[in-house]
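Visitor: Have a look at this one before I ask anything.
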Amino acid sequence: MQRPRTDSVLDPRADDTVHHQTLRRLLTGYWVSQSIYVVAKVGVADHLAEGPRDIDALAARVEADPGALRRIMAVLTAAGLFAIDEAGRYTLTASGQYLRAGQPGSLRALALWNGEVSYPIWAHALQAVRTGRPASDRTFGMQQFHFLARNPEAAAIFNQAMAGLAVHLATAVVANYDFSRLRRVVDVGGGQGTLIAAILRHNPALRGVVLESPAVCEAASRHLAAAGLSDRCDVVAGDFFEAVPRGGDAYILSSVVHDWDDERSIVILRNCRRAMSDAARLLLVECVLPAGAPVGGPAFSQLLDLQMLVMTGGRERSEAEYRTLLAAAGLRMSGVIATDCPESILEAEPVR
Ligand SMILES: C[S@@+](CC[C@H](N)C(=O)[O-])C[C@H]1O[C@@H](n2cnc3c(N)ncnc32)[C@H](O)[C@@H]1O
């Protein structure tokens, strides 16, 4: 009897060909991400922002071979980053706009980080799985943040990538958490200050502190000055494994704890707890692993979990795992607020 044909790989009756094609397509993942890296590197989106261009004009502007560029543009047009008008000229779609360097929330630096730093390290992902140690150990010869402290060029790309991600995240955090009753917020590992700047702009009476590694402080001070917030936000050079500034009503750790294994994370959390009064709150801004198996493909948090495994030796965690981690540092989870970004806000209070 002939089996009924179906195109869905989730349908147990699906033809073997469907399953085979599904795996073939999954195996092309990095072809797409590396193509995005290439167009980001040569600046396609910035040139298209000046106006529609046909392939010859675009290739001349970005110094590429027109035939090769046409092939890569065809894939990324099908992927939804570019469009072609009736005259055969390329334009940017709403997603493609985020490959522009100057676009607020730009992901160009993230594409460069992926292509130039992350991708070569993923070549050693097998080693990470065999040993449980990050593959970056072999490539960097040290932990990612120690490498960044010694390599200003890579650090600049990483910090810009984080700042690009933080723009939308900051909007989501401000929309979902009430900072208006607070006087002083400390952003621990606050990067270039994108998140604290958004919080301070929305809460004019609030003061802020960014604690960062010395190498990142200059960029944080510059960005806060450009936002007109230097008088309301101190930038403190320090090490969150040593100590965290006292006196905050709220302590934020945004995409910080996921960089570290449980042992190192608990050191950071205990230092925050030590700095907190009993009335203060801790806010983790992190992706949360789903409780069950997600439908329709891996959750973003699961993919990010692999990036942490390979790059930093950190991990994403479930709500229950965060609860346990916080408890080990004398903190109790008091709420989980989902946002329209992949990250949630996990609020914790001191155990008295
Ligand atoms: C993944 S980034 C997140 C940045 C920012 N919170 C955000 O959400 O965009 C982690 C940050 O932790 C900072 N960091 C790493 N080790 C640190 C340390 N020992 N003390 C203070 N900051 C540190 C890094 O410089 C980096 O900015």
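Visitor: Quick one: which residues, 5+ away or cross-chain, put their amide H under 5 Å from the amide H of Arg207? H built at 1.01 Å from N.
Guide: Distant-sequence amide H within range of Arg207: Arg184, Val185.
Visitor: If I take the Cα coordinates of the chain and project them onto the principal axes, what are the three extents in Å, biggest first?
Guide: Dimensions of the chain along the principal axes of its Cα atoms: 66, 56, 40 Å.
Visitor: Between the DSSP loop rule and a limit of at most 12 other Cβ atoms within 10 Å, which GluC sites (Glu not before Pro) in the stretch 63-121 are left?
Guide: On the way: sites: Glu63, Glu86, Glu116; in loops: Glu63, Glu86.
For GluC sites (Glu not before Pro) across the stretch 63-121 that sit outside H, G, I, E and B with at most 12 neighbouring Cβ atoms in 10 Å, the list reads Glu63, Glu86.
Visitor: Would you kindly state how much longer the chain becomes between Ser277 and Arg130 on full extension, computed as 0.36 nm times their sequence separation minus their alpha carbon distance, in nm to one decimal? All intermediate terms of the calculation are to be shown ahead of the outcome.
Guide: Values: separation 147, 0.36 × 147 = 52.92 nm, distance 4.28 nm.
The span from Ser277 to Arg130 would gain 48.6 nm if fully extended.
Visitor: Kindly write out, for the stretch 329-340 in residue order, the coupling ³J(HN,Hα) from the Karplus curve 6.51 cos²θ - 1.76 cosθ + 1.60 (θ = phi - 60°), rounded to whole Hz, with x marking Gly and Pro.
Guide: 10, x, 10, 10, 5, 10, x, 10, 10, 6, 10, 8
Visitor: Another question about this same structure. Quote the charge dipole size of the chain about the Cα centre in Debye, to the nearest 20; the model charges only the Cβ of Lys and Arg (+1) and of Asp and Glu (-1). It would help to have the intermediate numbers written out before the result.
Guide: Numbers: 35 positive and 38 negative charges, 74 e Å.
The dipole of the chain has a size of about 360 debye.
Visitor: Then there is this: Counting only heavy atoms of the protein chains, get the accessible area per residue of the stretch 35-164 (1.4 Å probe) and round it to a whole Å² value.
Guide: Accessible area per residue, the stretch 35-164: 51 Å².
Visitor: Using a 1.4 angstrom probe with every protein chain in place, what is the largest-first accessible-area order of Cys341, Cys272?
Guide: Final ranking, largest accessible area leading: Cys341, Cys272.
Visitor: Using all alpha carbons of the stretch 263-316, what is the percent of pairwise distances in each 10 Å bin, ordered from the shortest bin to the longest?
Guide: Calculated P(r), rounded to whole percents: 21, 37, 28, 13, 1.
Visitor: Amide H to amide H, which residues 5 or more places from Gly247 or on other chains are under 5 Å from it, using H placed in the peptide plane?
Guide: Here Ser277 satisfy the definition.
Visitor: May I ask you to give the percent of accessible area on the chain that is carbon plus sulfur, with a probe radius of 1.4 Å? Don't skip to the end; give the middle numbers.
Guide: Numbers: 9820 of 18040 Å².
So the carbon and sulfur contribution to the accessible surface is 54 percent.
Visitor: Let me see the P(r) profile for the stretch 3-107: every Cα-Cα distance counted, bins of 5 Å, each bin given as a percent of all pairs.
Guide: Answer for the stretch 3-107: a P(r) of 2, 12, 20, 20, 13, 9, 9, 8, 6, 2, 0 percent.
Visitor: Run through the DSSP bridge list for the chain and note the antiparallel percent, rounded to the nearest 5.
Guide: On the way: 17 of 37 bridges.
So the antiparallel bridges in the chain amount to around 45 percent.
Visitor: So if I place +1 on the C-beta of Lys and Arg and -1 on the C-beta of Asp and Glu, and nothing else carries charge, what would the dipole magnitude of the stretch 67-167 be about its Cα centre? I want it in debye, nearest 20.
Guide: Values: 9 positive and 5 negative charges, 44 e Å.
Dipole size: approximately 220 debye.
Visitor: Then there's this: On alpha-carbon atoms, Rg over Rh for the stretch 106-154 using Kirkwood Rh?
Guide: Details: Rg = 11.5 Å, Rh = 11.5 Å.
When Rh is taken as the Kirkwood radius, the ratio is 1.00.
Visitor: Would you pull out the residues with amide H under 5 Å of Arg317's amide H, same chain only if 5 or more places away, H placed 1.01 Å from N?
Guide: Leu289
Visitor: While we're here: Per q in 0.16, 0.20, 0.22 Å⁻¹, report the Debye log10 I(q)/I(0) for the stretch 207-339, using one uniform scatterer on each alpha carbon and no solvent.
Guide: -0.91, -1.24, -1.36
The values are calculated or read from the model by the stated rules, or taken from the named source; none is laboratory data. Worth saying up front: this structure is predicted, and the values here are computed from it rather than measured. Counting neighbours? That spans all protein chains shown, and the Cβs are built from the backbone with ideal geometry, glycine included. Areas reflect the complete protein model, heavy atoms only, side chains present, ligands, DNA and RNA absent. Shrake-Rupley method; radii C 1.70, N 1.55, O 1.52, S 1.80 Å.
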